[in-house]
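Asker: First, the structure itself, so that you have it in front of you.
The values are calculated or read from the model by the stated rules, or taken from the named source; none is laboratory data. What you see is a predicted model, and the numbers here were worked out from it, not measured in a lab. Here the Cβ positions follow ideal geometry from the backbone for every residue, glycine too, while neighbour counts run over all protein chains shown. These area figures cover heavy atoms from the full protein model, side chains too; ligands, DNA and RNA do not enter into them. Shrake-Rupley method; radii C 1.70, N 1.55, O 1.52, S 1.80 Å.
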Amino acid sequence: VMSDPLLSVDGIDTHYGESHILFDLSLSVGEGEIIALVGRNGAGKTTTLRSVMGLTPPTSGTVEIRGEAIDGLDPNQIRKRGISWIPEERRVFGGLTVEENLRLAAHSGDGDQSAGFEEVYDQFPRLDERRDQQAGTMSGGEQQMLAIARALLGPETDLLLLDEPSEGLAPQIVDDVADIVRELNERGVTVLLVEQNAEMALGLADRAYVLETGRIVHESPASELLEDRETMESYLGVK
Ligand code: ATP
């Protein structure tokens, strides 16, 4: 018997007001997988994550977690079902210290907290060393690490929705972020990774979806897409 995927998006349409952004979009994320969702600027990647998280609810279609529909739930309720979202803009408070940033994240989870501070500091020794540093003075990679640590506080995270973690980072730091994602996955966190940096995302992912103007136009193992120069070029602009 096949068990239900951790996340299943089935035929969703999503609008912002009158603008129709996602068209009959389906994808699934199995327990333990890293899935890449790639595509050009404005293809609808962020909107897909917002649709899953209940921030911009789809106007049709269904979103299920382990076979259970979550349509109509608000973002907090969805967070409690084990889905965490890290927005593109990362949302760390630059004027607050690392510790204060983590404290705030822990309190937003209504107290039923599974991953505690010490666990997060164990996982990210670099943050441990910088507990009292103002987040705004940290490097982009360190801020991304803090954003991930914040997302892991509060209710247990089964699925992490990561929006462009490589954005604005130097290539070497992108590699560090890739290592963090890999490590999280090894610790049991399933990942849906949105990236414009297709090569980074495909290097990490098990499977990949390509999005083009709100429609899935390609789906395959990530390694296969990396070899598929035609698709890489026509939809992702990678030569
Ligand atoms: P990027 O990589 O640039 O973030 P993306 O693939 O994540 O792109 P989205 O941010 O999902 O794309 O945007 C998809 C489309 O929806 C774009 O045409 C964008 O202009 C439009 N859009 C996004 N947010 C809104 C909004 N709040 N109101 C109206 N249109 C929006």
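Asker: Could you say whether any residue in region 72-79 is surrounded by fewer than 17 Cβ atoms within 10 Å (Cβ to Cβ) and basic (Lys, Arg)?
Answerer: No, region 72-79 contains no residue that is surrounded by fewer than 17 Cβ atoms within 10 Å (Cβ to Cβ) and basic (Lys, Arg).
Asker: Now for a separate question. Condition first: within 16 Å of the ligand (Cβ to nearest atom), open to solvent by 10 Å² or more (accessible area, probe 1.4 Å) and of a type in the set (D, E, K, R). Can you find one or more residues in region 150-163 that meet it?
Answerer: Scanning region 150-163, I find no residue that is within 16 Å of the ligand (Cβ to nearest atom), open to solvent by 10 Å² or more (accessible area, probe 1.4 Å) and of a type in the set (D, E, K, R), so the answer is no.
Asker: Separate question: For residue 48, work out the one condition from (1) within 16 Å of the ligand (Cβ to nearest atom); (2) open to solvent by less than 60 Å² (accessible area, probe 1.4 Å); (3) farther than 24 Å from residue 236 by Cβ it doesn't fulfil.
Answerer: Residue 48 satisfies all of (1) within 16 Å of the ligand (Cβ to nearest atom); (2) open to solvent by less than 60 Å² (accessible area, probe 1.4 Å); (3) farther than 24 Å from residue 236 by Cβ except (3).
Asker: Return the residues of region 153-174 that are on the phi > 0 side of the Ramachandran plot and out of contact with any helix residue (DSSP H, G or I) (no Cβ under 6 Å at 6 or more places or on another chain); say none if nothing qualifies.
Answerer: Matches in region 153-174: 154, 164.
Asker: Taking region 58-69 only, how many residues are within 23 Å of residue 17 (Cα to Cα) and surrounded by fewer than 19 Cβ atoms within 10 Å (Cβ to Cβ)?
Answerer: Residues that pass the stated criteria total 4.
Asker: Still on this structure, I have one more. Exactly one condition in (1) closer than 15 Å to residue 158 by Cβ; (2) out of contact with any Phe, Trp or Tyr (no Cβ under 9 Å at 6 or more places or on another chain); (3) within 16 Å of the ligand (Cβ to nearest atom) is false for residue 53; which is it?
Answerer: Evaluating residue 53 over (1) closer than 15 Å to residue 158 by Cβ; (2) out of contact with any Phe, Trp or Tyr (no Cβ under 9 Å at 6 or more places or on another chain); (3) within 16 Å of the ligand (Cβ to nearest atom) leaves (2) as the failure.
Asker: Please work out which residue is farthest from the chain's Cα centre (by Cα), limiting yourself to region 2-45 and to residues that are open to solvent by 30 Å² or more (accessible area, probe 1.4 Å) and at positive phi.
Answerer: Checked region 2-45; the qualifying residue farthest from the chain's Cα centre (by Cα) is 17.
Asker: Also: Out of the residues in region 164-179 that are open to solvent by 20 Å² or more (accessible area, probe 1.4 Å) and part of a helix (DSSP H, G or I), state the one that is farthest from residue 46 (Cα to Cα).
Answerer: Top of the filtered list is 172.
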